[in-house]
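Engineer: Structure provided below as structure tokens; questions to follow.
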Amino acid sequence: MQLGTISPERLLAEIDEILKTAPPRATFRHAEMENMIWRGRASAAIAQWSIPQSIAFDGFVHALSQVGRSSDAVDGILTMLHRARADLRMRVAPVVVSVETGEVFEYFDRVRQVVEKARRDSFFIDQYLDPDFASRYLPMVHTDAGVRLLTSAKYAAKLAPAVEMFCQQTPALKVAIRSSPEPHERWLFIDGAEAYQSGASFKDGARLSPASFTQISDAYGAIAKTYEDIWARAAVVR
């Protein structure tokens, strides 16, 4: 099967969300606007997964309105969505890197590969973000991908001037900074679809101790919501 234009990771997150929001079986075939929007979203996701399978999927959608075929059509739609999810889960190998103390380039290079993929949003959470972080990672961010930095108030005061100077040279890159005492772990969220947990501060990354950088897939929705909620109530610095 040939994947479409978006990453397997992002497509997997989209199909997970589609399955979570599926209409109740009792009203699945009803021609309500909410159901039609869901079917369109599901059809678009399947087309990204496999064009040949999308033809069969659209056939199931069409059969929803046909007498005597609606139950089989619902089964076909849900089965194909679960099949796409299973296929993508096998394709998407979690990014896991574990480096020894002093292997700072190995750590940086793996984080860089993830940061460079972002095209919409890069969201860093780390209470120790400092000016060195700005010079190390901001040049790697695509200008289409806005950056959000959530850190402690103490470090935000140090980080903000460096970010301001960087943005004066790169005005196309939009960087927002907020401070909060809540985060005690280090996370990187990409494009609202991928989550990575760092075992060390992004600014140090194996300089002082062994470090890990691990993609988290199964609990993405709950983790992302936790930090989006913290971001929403955090103090605006920039």
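The values are calculated or read from the model by the stated rules, or taken from the named source; none is laboratory data. If you're wondering where the values come from, they're calculated on a predicted model, not measured in any experiment. We place every Cβ from the backbone using ideal geometry, glycine too, and count neighbours over all the protein chains shown.
Engineer: Name the single residue, out of those in the range 196-221 being within 12 Å of the chain's Cα centre (by Cα) and of a type in the set (A, V, I, L, M, F, W, C), that is farthest from residue 101 (Cα to Cα).
Structural biologist: Checked the range 196-221; the qualifying residue farthest from residue 101 (Cα to Cα) is 219.
Engineer: For the range 62-84, indicate whether the set of residues that are in contact (Cβ under 8 Å) with a residue 60 or more places away in the chain and out of contact with any Leu (no Cβ under 6 Å at 6 or more places or on another chain) is non-empty.
Structural biologist: yes
Engineer: Let me ask something additional. Being under 12 Å from residue 127 (Cα atoms), of a type in the set (Gly, Ala, Ser) and modelled with pLDDT under 90 is the filter here, so list the residues in the range 174-200 that pass it.
Structural biologist: Passing the criteria: only 200.
Engineer: Let me ask another. Which of the residues spanning the range 56-76 are under 29 Å from the mean Cα position of the chain (by Cα) and small (Gly, Ala, Ser)?
Structural biologist: 56, 76 - these are the residues of the range 56-76 that are under 29 Å from the mean Cα position of the chain (by Cα) and small (Gly, Ala, Ser).
Engineer: Have a look at 130, 121, 75, 109 and point out the one that is loosely packed, with under 14 Cβ neighbours inside 10 Å, in the same structural domain as residue 170 (by TED's automatic domain parsing) and not hydroxyl-bearing (Ser, Thr, Tyr).
Structural biologist: Residue meeting the stated conditions: 109.
Engineer: I'd like to verify a number: residues in the range 6-39 that are over 16 Å from residue 84 (Cβ atoms) and either part of a helix (DSSP H, G or I) or not charged (D, E, K, R) (or both), how many?
Structural biologist: Matching residues across the range 6-39 total 13.
Engineer: A further question follows. Yes or no: residue 102 surrounded by 15 or more Cβ atoms within 10 Å (Cβ to Cβ) and among the small types (Gly, Ala, Ser)?
Structural biologist: no
Engineer: Being aliphatic (A, V, I, L, M), part of a strand (DSSP E or B) and closer than 21 Å to residue 135 by Cα is the filter here; which residues of the range 196-216 pass it?
Structural biologist: 211
Engineer: Report the residue count in the range 22-42 for those that are surrounded by 12 or more Cβ atoms within 10 Å (Cβ to Cβ) and either more than 19 Å from residue 89 (Cα to Cα) or of a type in the set (Asp, Glu) (or both).
Structural biologist: Looking only at that region, the number is 10.
Engineer: Right, another one. Tell me, which residue of the range 222-233 that is over 18 Å from residue 9 (Cβ atoms) and among the β-branched types (Val, Ile, Thr) is farthest from the chain's Cα centre (by Cα)?
Structural biologist: Among them, the one singled out is 230.
Engineer: Is it the case that some residue within the range 181-204 is in contact with a helix residue (DSSP H, G or I) (Cβ under 6 Å, 6 or more places away or on another chain), surrounded by 19 or more Cβ atoms within 10 Å (Cβ to Cβ) and closer than 12 Å to residue 238 by Cα?
Structural biologist: No, because not a single residue in the range 181-204 is in contact with a helix residue (DSSP H, G or I) (Cβ under 6 Å, 6 or more places away or on another chain), surrounded by 19 or more Cβ atoms within 10 Å (Cβ to Cβ) and closer than 12 Å to residue 238 by Cα.
Engineer: I'd like to check something: does the range 7-18 contain any residue that is over 21 Å from the mean Cα position of the chain (by Cα) and of a type in the set (Lys, Arg)?
Structural biologist: Scanning the range 7-18 turns up no residue that is over 21 Å from the mean Cα position of the chain (by Cα) and of a type in the set (Lys, Arg).
Engineer: I'm trying to understand the selection: among the residues of the range 91-114, which are more than 23 Å from residue 141 (Cα to Cα), of a type outside the set (Asp, Glu) and at pLDDT 85 or above?
Structural biologist: Matches in the range 91-114: 101, 102.
Engineer: Residues in the range 4-14: is at least one among the small types (Gly, Ala, Ser) and closer than 25 Å to residue 223 by Cα?
Structural biologist: Yes: one or more hits.
Engineer: Out of all the residues in the range 140-154, is one or more more than 17 Å from residue 112 (Cβ to Cβ), in the same structural domain as residue 109 (by TED's automatic domain parsing), at pLDDT below 90 and in contact with an Asp or Glu (Cβ under 9 Å, 6 or more places away or on another chain)?
Structural biologist: Yes, the range 140-154 has at least one match.
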